[in-house]
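Report on the structure given below.
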Amino acid sequence: MVRRSATGRIGIADVAVKAGVSHATVSRVMNGNFTVDPDIASRVRAAAAELKYQPNPVGRSLALGKTDTIGIVVPDLANPTFQAILRGLSRAAAQDGYRVLIADSFEVSSEETILAGEARRRCDGLVLCAPRMSDSELEEIAPSLRPLVLINRTTAAADVPSLVVDYGQGVQDLAEHLVDLGHTRLAFLAGPPRSASNGMRLQGLEAFKAAHPHVDVRMLEGGSDFDTGHEAVDAVLESGATGILAFNDLVAMGLMSGLHERGLDVPGDISVTGFDDIPFARYTTPALTTAAVPITELGEQAWHQLRALIRKEDNDAPGSRYQPRLQVRASSGPAKAPRSTVHG
C-alpha cells in the first residue's frame, strides 16, 4: 500500500516501494541514467505512471546540475529593441526546452554586476545584452559568469562569444544619406554615456567628419528613450541643424513629437533619422528613416552560441558582426533652402 506524504504528494519513496527497488534506482531512472537494467527501468517508469508521480523540478535540477533555464540582463526592458532581442532568445531557447529568466538594470550600471551574478547562480548560462558597466568591470566579472554570451560588447575573456552590430557604419550611412539630400548642418542626439553602442556611433561620426570637412556635425546630449528626444527640441533648434541623427528610434520619435508641437514640419523644416528600425518606426507620421538592425536574429543567435557553450559543443563562429541596413522613409527630405535677402 502506498502512503502519501503529509502534503499529499506522491514521492520518490512511494515509487520505490511500488516498483520494489531502492530510492537511488528510482532517482537514476527519473534522471535518465541509462546504466539501470532496462527491465528494472521499465518497472520503475510503470510504477511512476500508475502513481502519477511528478519529479520535483528543484530536486531534479540539483541532481543533474542543470536548471534548463538561462538568464538575460538588459539595461531597459521598456525599450522595444531589447524586447525584440528577448523574443528571439526566448523562442529559440524554448525549442530546446529552456526557459529564460530576465533581469532589468533600469540603466543603472552599478546594478548590472549584482544582477548578473544572481542570475547566473540560478541559471545554466547567461546573456549580457548591451551592458553599461565599464570595460574593466566586464573583464573582471566575465570569467565568473561563463557560460556567457555578450550582445553589443566584447571582452578578451576566453570562450565568451560576442554579437556586435556595426553602429559606427550605420550612423555613417545615415549621415551620408542626409548629405546626399543637401544637408550640411547635422546634429547627433547622443545616447547614454556608458553605452558601448553610443561610443561606436561617436567613432563612426568622427570618421564621417574626417571624410566630409565641409559638413558641420554638432554633438548634443540625449538619451535612449522617448522623453529625452522630446526634451531635446530646444537644443536641436539652437544648433541650427537641418538634419538630425537620433541615438535610436525612440529618441527620434520623441523629437518628432516635440517638433510637431512647435509647429515645425518634418522633413520640410528638419529631417530626422533614428536607429534600430523597431516595429513602430514605419507607423510614425511621417514614417521614420532609420538604420535597420536584425534585432530578433541577435536573440536567436545568442541562444545558439550559448547552447554550444552549455553543451560543450564545437563552435565555429565565436563572434558575429551585423551590418545595419539603411531604411529610407518619409522623415528625411531635401535640406530647406536658406532664405534669400531681397533688396529694395
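For the stretch 236-332, what is the relative contact order in percent, using Cα pairs closer than 8 Å and at least 6 residues apart in sequence?
Numbers: 137 pairs, mean separation 29.3, N = 97.
Answer for the stretch 236-332 is 30 percent.
Rg/Rh for the stretch 219-292: what does it come to with C-alpha atoms and Rh from Kirkwood? All intermediate terms of the calculation are to be shown ahead of the outcome.
Working: Rg = 10.7 Å, Rh = 11.7 Å.
The Rg/Rh ratio comes out at 0.91.
So what is Rg over Rh here for the stretch 178-231, counting just Cα atoms and using Kirkwood for Rh?
Values: Rg = 12.1 Å, Rh = 12.1 Å.
Looking at the stretch 178-231, the ratio lands at 1.00.
Over the chain, what relative contact order in percent results from Cα pairs under 8 Å that are six or more residues apart?
On the way: 674 pairs, mean separation 54.8, N = 344.
So the answer I get is 16 percent.
What are the trypsin sites (Lys or Arg not before Pro) within the stretch 204-272 that DSSP puts in a loop, where the Cβ has at most 14 other Cβ atoms within 10 Å? Each step should come with its number before you reach the end.
Details: sites: Lys209, Arg218, Arg262; in loops: Arg262.
Passing sites in the stretch 204-272 are Arg262.
Suppose only helical runs count, i.e. DSSP H with n ≥ 4. What mean residue ellipticity at 222 nm does that imply for the chain under -39500 (n - 2.57) per run, divided by all residues and rounded to the nearest 500 deg cm²/dmol? Present the calculation step by step, with values, prior to reporting the outcome.
On the way: 13 runs with 149 residues, N = 344.
It comes out at -13500 deg cm²/dmol, rounded to the nearest 500.
Among the lysines, which fall within straight-line cross-link reach of Lys336, defined as a Cα-Cα distance under 30 Å, with same-chain neighbours fewer than 8 residues apart omitted?
Qualifying lysines at Cα under 30 Å: Lys209.
Could you run the Debye sum over the Cα atoms of the stretch 55-192, one equal point scatterer each and no solvent, and tell me log10 of I(q)/I(0) at q = 0.09 Å⁻¹, two decimals?
Per q value, in the given order, log10 I(q)/I(0) is -0.35.
If you average the alpha carbon positions of the stretch 78-114 and of the stretch 266-280, how far apart do those two centres end up, in angstrom?
Cα centres, the stretch 78-114 to the stretch 266-280: 27 Å.
For the chain, with a Gaussian network of springs between Cα atoms less than 10 Å apart, report the residue from Ser271, Ser144, Ser22 with the top mean-square fluctuation.
With Cα springs under 10 Å in the chain, the top fluctuation among Ser271, Ser144, Ser22 is at Ser22.
Using the reciprocal of the averaged 1/r over all distinct C-alpha pairs, how large is the Kirkwood radius of the stretch 219-344 in Å?
On the way: mean 1/r = 0.0606 Å⁻¹.
Taking the inverse mean of 1/r over all distinct Cα pairs, the stretch 219-344 comes out at 16.5 Å.
Just to be sure I understand the curve: with the Debye formula and one point per C-alpha of the stretch 155-273, what is log10 I(q)/I(0) at q = 0.12, 0.21, 0.23 Å⁻¹?
With no solvent term, the Cα-only Debye profile gives -0.42, -1.14, -1.34.
Just the accessible area per residue of the chain, please: how many Å² with a 1.4 Å probe?
49 Å²
Starting from the Kirkwood radius over alpha-carbon pairs of the chain, derive D by Stokes-Einstein at 10 °C in a medium of 1.306 mPa s and give it in µm² s⁻¹.
69 µm²/s
Got a number for the accessible area of Glu118? Probe 1.4 Å, square angstrom, nearest 10.
Accessible area, nearest 10 Å²: 80 Å².
Which number comes out as Rg/Rh for the stretch 259-319 once both Rg and the Kirkwood Rh are worked out on C-alpha atoms? Don't jump to the answer; show the numbers that get you there.
On the way: Rg = 19.2 Å, Rh = 14.6 Å.
Rounded to two decimals, Rg/Rh equals 1.31.
Probe radius 1.4 Å, ligands and nucleic acids ignored: give me the carbon and sulfur share of the accessible area of the chain as a rounded percent. Spell out each step's value before the answer.
Values: 8730 of 16970 Å².
Result for the chain: 51 percent of the exposed heavy-atom area is carbon or sulfur.
The values are calculated or read from the model by the stated rules, or taken from the named source; none is laboratory data. None of the values given here were measured: they were computed from a predicted structure. Cβ coordinates were reconstructed from backbone atoms using ideal geometry, including for glycine residues, and neighbour counts include every protein chain displayed. With ligands, DNA and RNA removed, areas are computed over all heavy atoms of the protein, side chains included. Shrake-Rupley method; radii C 1.70, N 1.55, O 1.52, S 1.80 Å.
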